[in-house]
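Below is one structure, written out as structure tokens; the observations come after it.
The values are calculated or read from the model by the stated rules, or taken from the named source; none is laboratory data. Owing to the predicted nature of the structure, the values given are computational and were not obtained by experimental measurement. All Cβ positions, even for glycine, are placed from backbone atoms using ideal geometry, and neighbour counts span all protein chains on display.
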Amino acid sequence: MFEFDTIAAISTALGEGAIGIVRLSGTKAVEIANTLFKNKDLTRVETHTIHYGHIINPKNNGKVIDEVMVSVLRAPKTFTREDVVEINCHGGMVVVNQVLQTVLQHGARLAQPGEFTKRAFLNGRIDLSQAEAVMDLIRAKTDTSMTLALKQVDGQLSKMIKSVRQDILNTLAQVEVNIDYPEYDAVEEMTLSLMKERAVVVKRDLEKLLQNAQQGKILRDGLQTAIVGRPNVGKSSLLNRLLKEDKAIVTDIAGTTRDTIEEYVNVRGVPLKLVDTAGIRQTDDVVEQIGVERSKLAVEQADFVMVVLNQSEPLSQEDIALLEMTAHKKRLVLLNKMDLVGQLNRDELLKYVDASTVIELSVLNHFGIDTLEEKIAEWFFAGNVNDKDASFVSNVRHIALIQEAIERLDDVLEAVEMDVPVDLIQIDMTRAWELLGEITGETVQDELLTELFSQFCLGK
Ligand code: GDP
């Protein structure tokens with residue numbers, strides 16, 4: 001295990017809360033906490049116990065800062081595999097901050113974002129894909145994305161990647177043996193055809209992993225969704241209906257601009273990440289004037305677009321403009337206000353859209369919402385979001401690495417066809433092995449680590 005300095009951070013969400021936790025990790029964690037703890041000698045308590053008492057500031061005449069519960073967790077059975085102390089304070093930022101400041105005055109250093117998890121990785125408790133899953137877990141938008149992240153924390157993806165790497169390694173080892181001991185007959189000779197056979201198997205395994213990757217990515221990041229339509233067709237009513245029926249989650253994602261509020265709607269397990277809801281919600285005249293321009297931007301950013309039309313009015317030029325603008329997108333056309341007499345010419349509409357993508361709605365009367373939700377689930381997840389399948393790869397970094405490894409295997413296969421000597425082919429095979437190692441962190445670069453962990457929130 002590495003010897004690191006002792007770090008500290010507030011581990012609970014910023015803002016009002018019933019409790020706030022200041023966490024310390026490192027060789028001096030218990031010692032530092034003990035200096036500040038009034039009621040007991042924490043250096044003598046048993047590990048994995050929790051203690052009631054007061055945190056004081058010895059540098060300020062022993063002034064009591066808060067009444068607390070302190071957990072003492074000795075290495076190695078902790079998240080970081082180091083000594084960990086968690087000080088449970090009363091919520092409210094002032095108190096928690098004061099406790100943190102006092103801890104910092106007494107020998108701890110403020111942790112960088114993700115540093116606790118980074119230590120867990122460096123100390124060998126988890127591998128890189130598991131560490132990344134911890135971040136996903138914090139950001140999970142739906143139950144399914146949470147289950148997915150939990151499985152990854154548990155190491156299921158790592159296990160699969162490790163087994164594929166082992167296969168490659170066995171193949172490489174055999175090549176080495178053949179090169180080093182050409183006279184040693186007992187070793188199965190690594191012929192080109194055998195090399196080919198192995199590469200095909202490994203490639204197939206990797207392709208299987210990628211099969212559901214698109215869904216995995218949607219589950220993890222949300223499906224970028226835009227709702228567009230003329231003023232008054234019912235966009236905000238639809239948005240509110242969706243928000244009401246499926247718990248909306250508004251998140252303030254750490255690492256992005258501080259004031260970016262992202263809004264999610266959970267449609268049967270598919271997290272829709274709504275683009276530009278502010279544009280939908282504001283109905284003052286200024287915004288209406290720039291409506292189409294604004295829609296254009298929202299449409300460009302979206303992976304999925306819902307065009308809302310008011311079927312109690314004829315199709316207008318503006319409607320047609322929106323339909324043309326969205327034609328290249330994965331799109332549903334919603335005919336709203338079905339409770340009113342229809343004025344929209346369906347034949348004309350069908351000149352612009354495919355009938356199977358049209359859904360009749362009355363947001364007001366609750367009509368058609370189910371059909372809409374079913375359609376979304378069906379479209380993006382073939383009807384069911386299958387969280388039982390642990391082979392979901394959801395992380396873009398992992399997807400890219402697996403794709404690249406597959407390309408290297410293709411190179412191997414191509415070289416085999418061209419009768420390239422085996423010892424040359426093994427260079428590509430080795431590269432595939434290295435690439436996969438970057439997923440679990442076994443062959444990872446330092447800069448990448450710093451970059452990855454800096455995306456975490458503070459205190460994790
Ligand atoms: P937006 O400007 O597109 O966001 O439209 P709104 O959601 O603000 O809706 C405009 C008006 O249409 C409001 O008065 C809604 O109550 C009404 N509305 C929305 N959906 C329906 C519907 O299905 N039927 C009827 N009759 N009215 C609706």
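Remarks
- Among the residues of segment 116-132, the ones that are assigned to a helix (DSSP H, G or I) and over 15 Å from residue 25 (Cβ atoms) come to 4 in all.
- Being modelled with pLDDT under 90 and more than 36 Å from the chain's Cα centre (by Cα) is a property that does not hold for residue 40.
- Taken over segment 344-366, the criterion of being within 13 Å of the ligand (Cβ to nearest atom) and either more than 34 Å from the chain's Cα centre (by Cα) or of a type in the set (Asp, Glu) (or both) is satisfied by 360, 362, 364, 365.
- The condition (being modelled with pLDDT of 70 or more and either farther than 30 Å from residue 395 by Cβ or surrounded by 15 or more Cβ atoms within 10 Å (Cβ to Cβ) (or both)) is satisfied by just one residue among 200, 175: 175.
- For segment 146-156, the condition holds for at least one residue, the condition being that it is surrounded by fewer than 19 Cβ atoms within 10 Å (Cβ to Cβ), at pLDDT 70 or above and outside any helix (DSSP H, G or I).
- Those residues of segment 291-348 which are without any contact (Cβ under 8 Å) to a residue 40 or more places away in the chain, of a type outside the set (S, T, N, Q) and under 16 Å from residue 362 (Cβ atoms), in sequence order: 313, 333, 335, 338, 339, 340, 341, 342, 344
- None of 361, 409, 436 is buried (at least 20 other Cβ atoms within 10 Å of the Cβ), closer than 24 Å to residue 239 by Cα and at pLDDT 90 or above except 361.
- Residues located in segment 439-460, provided they are at pLDDT 70 or above and crowded, with 17+ Cβ neighbours inside 10 Å: 439, 440, 441, 453
- Screening segment 1-108 for strands (runs of 3 or more DSSP E) wholly inside it with 1 or more residues that are hydroxyl-bearing (Ser, Thr, Tyr) and surrounded by fewer than 16 Cβ atoms within 10 Å (Cβ to Cβ) returns the ranges 49-57.
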